[in-house]
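Read-outs: derived from the displayed coordinates by stated rules, not from any lab. In this text the structure is predicted, and so the values were computed from the model without any measurement. Please note: Cβ atoms are built from the backbone with ideal geometry, for glycine as well, and neighbour counts cover all protein chains shown.
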Amino acid sequence: MASSKEYLDYILGQLSELEEITYRKMMGEYIIYYKGKIVGGIYDDRLLVKPVKSAIAYMPNADFDLPYEGAKEMLLVDDVDNKEYLTGLFYSMYDELPSPKPKKND
């Protein structure tokens, strides 16, 4: 099941306090970026984030879930209706997220 544009728009609205939130559509789902770093994505109308230590500490009771079959587990964000909570989560994760790989110039 692909994610809806409406759910994406809702999540982007909840993250509107943060600068440089972008997304890329990929195979019916959406990858979410914060200042150029991949934070997570929207899969089957669920917000999942990378299980970095800061995210686990921020959401100690979060469930691990698969974005799709064969993928690595991610953390399911269940409190998407709390704008301050989501903003704090992304802000706390930023420094721990890997920097994007440099693009190759062919």
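One table, with the values for the structure above:
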| item | result |
| --- | --- |
| Dipole of the chain, positive end: most advanced residue of Tyr85, Ile31, Ala57 [Cβ charges, Cα centre] | Ile31 |
| Globularity ratio of region 43-90, using Cα Rg and 2.2 N^0.38 Å | 1.09 |
| Whole-Å semi-axes of the ellipsoid equivalent to the chain (Cα gyration tensor, √5λ, descending) | 19, 17, 15 |
| Calculated [θ] (222 nm, deg cm²/dmol) that DSSP helices of n ≥ 4 give over the chain, each run adding -39,500 (n - 2.57) | -7000 deg cm²/dmol |
| Per residue, the convex hull volume that the Cα atoms of region 67-106 enclose (Å³) | 137 |
| Region 5-96, relative contact order [Cα under 8 Å, separation at least 6], % | 25 |
